[in-house]
1. Cβ-Cβ under 8 Å, sequence separation 6+ or interchain: first residue in the range 21-32 and under 18 Å from residue 59 (Cβ atoms), partner modelled with pLDDT under 80. Which pairs?
2. Would you confirm, using the coordinates I've provided, whether residue 118 is outside any loop (DSSP other than H, G, I, E, B) and at positive phi?
3. Based on this model, can you work out whether residue 120 counts as outside the structural domain of residue 50 (by TED's automatic domain parsing), at pLDDT 90 or above and touching a helix residue (DSSP H, G or I) at 6+ places or on another chain (Cβ under 6 Å)?
4. Looking for whichever is of a type in the set (D, E, K, R), touching a helix residue (DSSP H, G or I) at 6+ places or on another chain (Cβ under 7 Å) and either under 30 Å from residue 166 (Cβ atoms) or not assigned by TED's automatic domain parsing to the domain that holds residue 144 (or both) here; the options are 60, 85. Which one fits?
5. Pull up the range 1-17, narrow it to residues that are of a type in the set (Ser, Thr, Tyr) and surrounded by fewer than 18 Cβ atoms within 10 Å (Cβ to Cβ), then point me to the one that is modelled with the lowest pLDDT.
Amino acid sequence: MTENMFNIGKIINTHGTRGEVKVMRITDFEERFAVGETVYAVKEDEKLIELVIAAHRIHKGFDLIIFEGFDNINDVEHLKGAQLKITEDQLTDLDEGEFYYHEIIGCDIYTDSGEKLGKIKEILSPGANDVWVVKQPKGKDILIPYISEVVTEIDIDAKKVVIEPMEGLLD
């Protein structure tokens, strides 16, 4: 059931005693956590728990969420560590030149001279721009900043990304 679902965050802890959970967000879409939206909590056993957002606020860089019918800490304690997901139907149409993480992860990455560097295995969002983590066949992972000066071509259908490495990037 979870194969056509997409991560939007992770419940990392409870917050207070009134059923609020602390979420580490992995989505750029504010509307994902809007009151009335449905999300799904998924733990290691892959069991889905459908949740409707009753309240949302941001506190110290984290999203704090209360779900309908979950009124105290005892109701949400078991959700700690769960991934928050949405269904494919809930995906938002993107503008041209925008991509979902799941479309980028798994792409092969090449230099503009045709050298294959490896596969994008994860995306980090540390600040002003995303950083793509590339798993090389041998050696350490490469960190590629997702900026127009470096990433020159993205072909989602071909699962191919071309970069123009800046000085020192591949050292």
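1. 26/125
2. On the way: outside any loop (DSSP other than H, G, I, E, B): yes; at positive phi: yes.
When the stated conditions are applied, residue 118 passes them.
3. Values: outside the structural domain of residue 50 (by TED's automatic domain parsing): yes; at pLDDT 90 or above: yes; touching a helix residue (DSSP H, G or I) at 6+ places or on another chain (Cβ under 6 Å): yes.
Here the answer is yes, as residue 120 does meet what is asked.
4. Details: 60 fails: touching a helix residue (DSSP H, G or I) at 6+ places or on another chain (Cβ under 7 Å).
The match here is 85.
5. So the first thing to find is which residues in the range 1-17 are of a type in the set (Ser, Thr, Tyr), and the list is 2, 14, 17.
Subsequent filtering for residues that are surrounded by fewer than 18 Cβ atoms within 10 Å (Cβ to Cβ) retains 2, 17.
Numbers: 2: 53, 17: 92.
Checked the range 1-17; the qualifying residue modelled with the lowest pLDDT is 2.
The values are calculated or read from the model by the stated rules, or taken from the named source; none is laboratory data. Given the structure is predicted, the values throughout are model-derived calculations rather than measurements. Here the Cβ is made from the backbone with ideal geometry for all residues, glycine too, and neighbour counts use every protein chain on show.
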